[in-house]
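Accompanying notes for the structure given below.
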Amino acid sequence: MNKAVFLDKDGTISEEVNYLSHYKDLKLLPHSAEAIKMLNEAGFKVIVISNQSGVARGYCSEDMLQAIDKTMQKELLNRGAFINAIYYCPHHPEHGCYPYRQVCACRKPHTGLVERAAEQYKLDLKSSFFVGDHANDVKTGKNARMKTVFVMTGHGKEELEEVQKNGKPDHVADDLLEAVKWILKK
Ligand SMILES: [Mg+2]
């Protein structure tokens with residue numbers, strides 16, 4: 001069985017720009033590559049799980065979304081860091097048209113994508129972690145019985161109150177690098 005660190009993307013690895021819709025606008029946060037490289041070296045699978053309702057809302061095509069993800073992988077690889085897999089949910093229960101408008105099992109805080117990754121990468125979720133800047137990230141981690149780290153980048157400052165009211169994370173970190181340092185001490 002493998003262990004993994006699941007990461008949210010926007011606001012956790014890259015700058016939050018509210019519905020990123022072009023790869024040219026992707027900007028990694030300052031210490032993301034360093035943090036992910038440390039996870040690679042420690043033997044964790046690094047899996048990105050992200051809600052991309054911008055697809056359902058018509059802000060971004062799936063082709064563009066995949067171009068954004070490729071750009072992120074390339075920029076990380078240039079800095080010696082590697083993401084094993086990127087999963088995204090393009091749906092929204094109320095916006096857009098079918099098939100994107102639907103109640104699905106993959107939109108965080110549902111665990112559909114986590115379960116898919118766990119099967120594909122033979123993951124032991126009990127020794128895995130979920131890191132993100134949104135209350136839904138913490139909920140997803142808890143729903144899948146993982147340890148959770150909330151980061152203060154992205155929407156972190158706005159979400160902190162909600163996250164502390166509803167299901168506290170195991171740790172609150174300034175950014176992904178600090179989150180990873182905490183994880184590696186566990
Ligand atoms: Mg986020």
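Each reported figure results from applying straightforward, stated rules to the coordinates on display, with no laboratory input. All values reported here derive from a predicted model rather than from experimental measurement. Positions of Cβ are backbone-derived with ideal geometry, glycine not excepted, and every protein chain shown enters the neighbour counts.
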Just check the chain against the gyration tensor rule for me: Cα atoms, a ≥ b ≥ c as the square roots of the eigenvalues, rounded for a/c under 1.5, and otherwise prolate or oblate depending on whether a/b exceeds b/c. rounded
Charges at C-beta only: +1 for Lys and Arg, -1 for Asp and Glu. How large is the resulting dipole of the range 1-120 about its Cα centre, in Debye rounded to 20? 120 debye
In what sequence do PHE82, PHE44 fall when counting other Cβ within 10 Å, fewest first? PHE82, PHE44
Could you give the length gained by full extension between LYS181 and HIS22, i.e. 0.36 nm per residue of separation minus their alpha carbon distance, to one decimal place? 54.1 nm
When DSSP beta bridges are limited to those with both residues in the range 4-185, what percentage is antiparallel, rounded to the nearest 5? 5 percent
Return the loop-located trypsin sites (Lys or Arg not before Pro) in the range 1-32 (DSSP other than H, G, I, E, B) with at most 14 other Cβ atoms within 10 Å of their own Cβ; answer none if there are none. LYS27
Give me the aspartates and glutamates in straight-line cross-link reach of LYS168: C-alpha distance below 14 Å, same-chain residues under 8 apart excluded. ASP133, ASP137, GLU159
If a paramagnetic tag sat 7 Å from the Cα of HIS31 along the Cα-Cβ line, which residues of the range 163-186 would have the backbone N under 12 Å from that point? 173-183
On full extension of the chain, what length is gained from ASN143 through LYS74, given 0.36 nm per residue of separation minus the C-alpha to C-alpha distance? 21.7 nm
Please label the shape of the range 98-150 as rounded, prolate or oblate, based on the square roots a ≥ b ≥ c of the eigenvalues of the alpha-carbon gyration tensor (a/c under 1.5 means rounded; beyond that, a/b larger than b/c means prolate, else oblate). oblate
Which shape class, rounded, prolate or oblate, goes with the range 125-186 when its Cα gyration tensor gives a ≥ b ≥ c as root eigenvalues, a/c under 1.5 marks rounded, and past that a/b bigger than b/c marks prolate? oblate
Per-residue Cβ contact counts at 10 Å, fewest first, order MET146, MET72, MET38 as MET38, MET72, MET146
Mean separation of Cα contacts under 8 Å, 6 or more apart, over the residue count of the chain: relative contact order %: 25 percent
Over 23 Å between C-alpha atoms is what I'm after, so list which of LYS70/LYS139; LYS70/LYS126; LYS108/LYS181; LYS24/LYS74; LYS24/LYS108 land there. LYS70/LYS139; LYS70/LYS126; LYS108/LYS181; LYS24/LYS108
Given R₀ = 25 Å, what would the calculated FRET efficiency be for GLN102 paired with ALA67, taking r from the Cβ atoms and rounding to 0.05? 0.55
Difference of contour (0.36 nm per residue) and Cα-Cα distance, LYS122 to GLU15: 35.5 nm
